[in-house]
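Everything on this sheet refers to the single structure shown next.
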Amino acid sequence: MKIDTSSPIVVLTGAGISAESGLATFRDQGGLWEGHSIEDVATPEGFHKNPDLVFDFYNMRRREAAKAKPNAAHNALAALENAWDGDFLLITQNVDDLHERAGSKRMLHMHGRLDSALCYECGSHQHWEGDLDRDCFCSSCSRPSLRPDIVWFGEMPYDMDAIEVALEKAALFVAIGTSGTVYPAAGFVAGAAAAGAHTVEINLEATGNSLFGECRTGSASTAVPDFVATLLGKKP
Ligand code: APR
C-alpha cells in the first residue's frame, strides 16, 4: 500500500516512548508495577480504601514527569505531524505531557494525564500543576473532592468514539513503546488491520503480535526518528 503524507495515520504510544526521558515503564524490570500494587493505586476501589496512598503515588509520578524532557522520539512524532497533510491522530496511553512539550497537537490522552485533576462529585476536569491531596478543592463545585485525572483499571478510557473513527479510516497505524497487554489499546492494531491499514510496531523488543505487518525493534529515541525519516522520504 502506498502511504504518502495525505494518508490518514494513527500513532499509539506507551510508556516505552518516555523511558529514555527517565520515566519508568510499567512492566519492564524495575517498572512501576514491580513496586506498587495495581489494586492499591490504579483502581477506584484502591482510591476509596486509601486515597492518601494514591495521592502520593501520582504526586511522585507528577514530580518525575515535570523533571523529564521530551526525547528524540517525541520530537520526531511532532515533526511528522507538522509534515503530515492528511488526518493525523496521536493516541497516548501515557499521562505525562512530553508529547505536548515536543510540539504534538493533534493528540489525545486515553488514560488521562498527571497535570489534570478530576472532581468525583461534579465531574469537572481542571488543569492541576502541584501535588493533589484530600483537602484540594474543586474550582467548579468548591468541594474537597478532587482525584487524579487518571483512567484506572475498570474505568472507561477517554475519547473512545474519536479513536474508533480514526482507526476505521487509518491507512497507517503505528504502535510505539507499548507492551500491548492492556485493552482497549492492545486491540487497536486489530481494528486498524481489519480496516486495511498497514500496521507497524516500534518497540525495544518485538511483542510477537502477528497483527503487525512490520516490526522495528530498538530504542524509541533511535528507531522513531529513523522510521519518520523513512516515511517522509528522507531515508531510503
Ligand atoms: N524504546 C522503545 N520501547 C521501549 C523502551 C525504549 N527505550 N523501553 C521499554 N520499551 C518497551 C518495552 O519493551 C515494553 O514493551 O515499552 C513497553 C512498555 O510496556 P508497559 O510497561 O506495559 O507500558 P504500556 O504498554 O504503556 O502499558 C499500558 O498499562 O498499567 C497500564 O495505564 C497503564 O497506560 C499503561 C498501560
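The values are calculated or read from the model by the stated rules, or taken from the named source; none is laboratory data. On a predicted model such as this, the values are computed, not experimentally measured, just so you know. No Cβ is skipped: glycine too gets one built from the backbone with ideal geometry, and neighbour counts run over all protein chains shown.
What to note about this one:
- The residue list Gly213, Gly177 contains one member that is within 19 Å of the chain's Cα centre (by Cα), surrounded by 14 or more Cβ atoms within 10 Å (Cβ to Cβ) and at pLDDT 95 or above, which is Gly177.
Let's see how each residue does on (1) of a type in the set (Ser, Thr, Tyr); (2) outside any loop (DSSP other than H, G, I, E, B); (3) more than 17 Å from Ser210 (Cβ to Cβ); (4) within 10 Å of the ligand (Cβ to nearest atom):
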residue: Arg147; (1), (2), (3), (4): no, yes, yes, no
residue: Tyr158; (1), (2), (3), (4): yes, no, yes, no
residue: Ile163; (1), (2), (3), (4): no, yes, yes, no
residue: Ala166; (1), (2), (3), (4): no, yes, yes, no
residue: Val174; (1), (2), (3), (4): no, yes, no, no
residue: Thr178; (1), (2), (3), (4): yes, no, no, yes
residue: Val189; (1), (2), (3), (4): no, yes, no, no
residue: Ala193; (1), (2), (3), (4): no, yes, no, no
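- Segment 33-53 - residue that is in contact (Cβ under 8 Å) with a residue 24 or more places away in the chain and of a type in the set (A, V, I, L, M) and, of those, farthest from Arg134 (Cα to Cα): Ile38
- Helices (runs of 4 or more DSSP H) within segment 1-115 that include 3 or more residues of a type outside the set (Lys, Arg) and either touching a His at 6+ places or on another chain (Cβ under 9 Å) or away from the ligand (no atom under 13 Å from the Cβ) (or both): 44-49, 51-67, 72-83, 98-102
- Cβ pairs under 9 Å, 6+ apart, first in segment 137-152 and surrounded by fewer than 20 Cβ atoms within 10 Å (Cβ to Cβ), second part of a loop (DSSP other than H, G, I, E, B) and among the β-branched types (Val, Ile, Thr): Val151/Val95; Trp152/Thr43
- Residue pairs whose Cβ atoms lie under 7 Å apart, separated by 6 or more positions or on different chains, with the first residue in segment 213-229 and within 18 Å of Pro70 (Cα to Cα) and the second of a type in the set (A, V, I, L, M) and more than 12 Å from the ligand (Cβ to nearest atom), are Val224/Ala76; Val224/Leu77; Pro225/Ala76; Val228/Ala76; Val228/Ala79; Val228/Leu80.
- Taking first residues from segment 8-20 that are outside the structural domain of Gly31 (by TED's automatic domain parsing) and within 22 Å of Asp85 (Cβ to Cβ) and partners that are of a type in the set (D, E, K, R) and surrounded by fewer than 24 Cβ atoms within 10 Å (Cβ to Cβ), the Cβ contacts under 6 Å between residues at least 6 apart in sequence or on separate chains come to Pro8/Asp87; Pro8/Lys169.
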